[in-house]
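*Asks:* Have a look at this one.
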Amino acid sequence: MQLKDKTALVTGSASGIGLAIAQKFAAEGARVILHDVSPGVNAEAKAIGQTALVADLASPQAVRNLAAQALKACNGRVDILVNNAGFQSIFAVEDFPEERWMQMIQVMLIAPFQLIKHTLPAMKQNKWGRIINVSSLHGVVASPFKSAYISAKHGMIGLTKTVALEAGEFGVTVNAICPAYVRTPLVDKQIADQASTQGISENEVIEKIMLAPAAIKRLIEPDEIAEFALYLASDKAAVITGASHLLDLGWTAR
């Protein structure tokens with residue numbers, strides 16, 4: 001088992017990418033703390049014999065509490081941190097509610113910084129750690145009407161590079177995963193919303209909007225992201241740090 005005796009905290013793991021990563025890590029021997037804002041995470045954790053913590057990352061104090069609870073549950077040591085939690089709201093910049101914009105930055109950029117801040121000291125002390133930030137292809141390119149999401153995902157790449165430089169000498173690697181559209185409940189909702197807004201079928205949304213720039217014309221499955229996260233978390237990836245890994249179906253090759 002690649003992650004035997006390792007502990008991991010995976011945010012946003014009630015479904016989608018986060019759940020797939022939590023399941024993969026648990027299957028490889030890690031003790032996993034699943035987190036989500038949804039109480040549904042409790043059932044998912046129970047199903048794989050792991051622990052769940054419910055917290056709203058929109059609250060800075062709740063993030064601090066989550067870090068403290070995770071460290072306590074793992075005897076003061078989180079070896080692997082996966083910052084995955086996120087959500088989208090689609091508005092033109094001039095119409096974007098300011099509170100909503102700031103909430104998204106808190107959940108997808110400030111909360112990851114907070115969790116890194118509180119878990120990194122033990123990683124440094126133990127001379128081993130893995131921080132995996134789930135960014136997006138929108139961490140390197142932009143699309144209209146997603147200013148908060150794109151700002152947070154771009155910022156996450158900058159955070160990844162900075163912490164990688166600070167932590168490398170201590171055996172801690174820090175990487176970002178930047179996927180294109182993954183088949184998750186969040187993406188399913190986007191597909192349905194765009195189909196309704198534009199008056200086209202959901203298949204047309206996928207083919208003509210989401211996959212139009214892609215070389216490989218399909219959605220990514222959550223397990224494919226989880227497999228890559230497992231590689232980054234393993235000792236096999238010990239020389240990889242500070243990188244933004246595009247799993248984007250060739251979306252950004254143009």
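*Asks:* As I understand it, the value is the acute angle between the Cα axis of helix 147-167 and the longest principal axis of the Cα atoms of the chain; what does it come to in degrees, rounded to 10?
*Replies:* For 147-167 against the chain, the angle is about 30 degrees.
*Asks:* Just rank T162, T173, fewest to most, by other beta-carbon atoms within 10 angstrom. Kindly include the intermediate steps, with their values, before the conclusion.
*Replies:* Details: T162 14, T173 23.
Fewest-to-most ranking of T162, T173: T162, T173.
*Asks:* Under the rule of at least 5 residues apart or a separate chain, name every residue whose amide H is placed under 5 Å from the amide H of L247.
*Replies:* C178, A180
*Asks:* Against the globular-protein guess of 2.2 N^0.38 Å, express the Cα radius of gyration of segment 145-233 as a ratio, rounded to two decimals. Display every interim value, and only then the final one.
*Replies:* On the way: Rg = 16.5 Å, N = 89, 2.2 N^0.38 = 12.1 Å.
Rounded to two decimals, the normalised Rg is 1.36.
*Asks:* Follow-up question, since we're still on this one. Sort K24, K72, K124, K208 by Cβ crowding within 10 Å, fewest neighbours at the top.
*Replies:* Taking fewest neighbouring Cβ atoms as first place, the list is K72, K208, K124, K24.
*Asks:* Where Lys and Arg each count +1 and Asp and Glu each count -1, what net charge lies around A8 among other residues with Cβ under 13 Å from its Cβ? Mind dumping the intermediate values first?
*Replies:* Working: positive: K4, K6, K24, R31, R77, R130; negative: D5, E28, D79.
Neighbour charge sum, excluding A8 itself: +3.
*Asks:* Can you tell me the Rg and the Dmax, both Å, for the Cα atoms in segment 1-148?
*Replies:* 15.6, 51
*Asks:* Give me a comma-separated list of calculated 3J(HN,Hα) values for segment 84-93, in order, Karplus coefficients 6.51, -1.76, 1.60 applied at θ = phi - 60°, integers in Hz, x for any Gly or Pro.
*Replies:* Values per residue, Gly and Pro as x: 10, 4, x, 7, 10, 9, 10, 8, 5, 3 Hz.
*Asks:* Still on this model: Using a 10 Å cut-off around each Cβ, can you sort V174, V10, V41, V182 from fewest to most neighbouring Cβ atoms? Walk me through the numbers on the way to the answer.
*Replies:* Numbers: V174 28, V10 33, V41 25, V182 20.
Fewest-to-most Cβ neighbours within 10 Å comes out as V182, V41, V174, V10.
*Asks:* Right, here's the next one. Give a residue-ordered list of calculated ³J(HN,Hα) values for segment 118-128 (Karplus: 6.51 cos²θ - 1.76 cosθ + 1.60, θ = phi - 60°; whole Hz; x for Gly, Pro).
*Replies:* Coupling constants for segment 118-128: 8, 9, 5, x, 5, 4, 4, 4, 8, 6, 7 Hz.
*Asks:* Right, something else. Among rounded, prolate and oblate, which fits segment 51-131 when a ≥ b ≥ c are the square roots of the eigenvalues of its C-alpha gyration tensor, a/c under 1.5 means rounded, and a/b larger than b/c means prolate? Don't skip to the end; give the middle numbers.
*Replies:* Details: a/c = 3.02, a/b = 2.30, b/c = 1.31.
Prolate, because a/c is 1.5 or more and a/b exceeds b/c.
*Asks:* What percentage of all Cα-Cα pairs in segment 99-140 are separated by more than 18 Å? Before the final figure, lay out the partial values.
*Replies:* Details: 356 of 861 pairs.
Summing the P(r) tail past 18 Å for segment 99-140 gives 41 percent.
*Asks:* For the chain, just the Cα set please: Rg and Dmax, both in angstrom.
*Replies:* For the chain, the Cα-based Rg and Dmax read 17.5, 56 Å.
*Asks:* If r is the Cβ-Cβ distance from D5 to S59 and R0 is 41 Å, what FRET efficiency results, to the nearest 0.05? Mind dumping the intermediate values first?
*Replies:* Numbers: r = 32 Å, r/R0 = 0.79.
Step by step, r from the Cβ atoms, then E = 0.80.
*Asks:* Residues with beta-carbon under 11 Å from that of A52, excluding A52: net charge, scoring Lys, Arg +1 and Asp, Glu -1? Each step should come with its number before you reach the end.
*Replies:* On the way: positive: K46; negative: D36, E44.
Cβ neighbours under 11 Å give a net charge of -1.
*Asks:* For segment 146-187, what class follows from the C-alpha gyration tensor (a ≥ b ≥ c being the square roots of its eigenvalues): rounded when a/c is under 1.5, otherwise prolate if a/b is larger than b/c, else oblate? Show your work: numbers first, answer last.
*Replies:* Details: a/c = 4.37, a/b = 1.92, b/c = 2.27.
In terms of gyration-tensor shape, oblate.
*Asks:* Here's a follow-up. Highest GNM mean-square fluctuation, the chain, Cα pairs closer than 10 Å: which of R31, R130, R100?
*Replies:* Ranking R31, R130, R100 by mean-square fluctuation puts R100 first.
*Asks:* Continuing with this model, one more query. Cross-link candidates for K46: which lysines have Cα within less than 17 Å, leaving aside residues fewer than 8 places away along the same chain?
*Replies:* Counting by Cα, and skipping residues close in sequence, K46 has these lysines nearby: K24.
*Asks:* Among L120, L165, L81, determine the one that fluctuates most according to a GNM of the chain built with springs between C-alpha atoms less than 10 Å apart.
*Replies:* Between L120, L165, L81, it is L165 that shows the largest mean-square fluctuation.
Rule-based calculations on the coordinates, nothing more; no lab input. All figures in this text were calculated on a predicted structure; none of them were measured in a lab. When we count neighbours, we look across all protein chains shown, and the Cβ atoms used for this are built from the backbone with ideal geometry, even at glycine.
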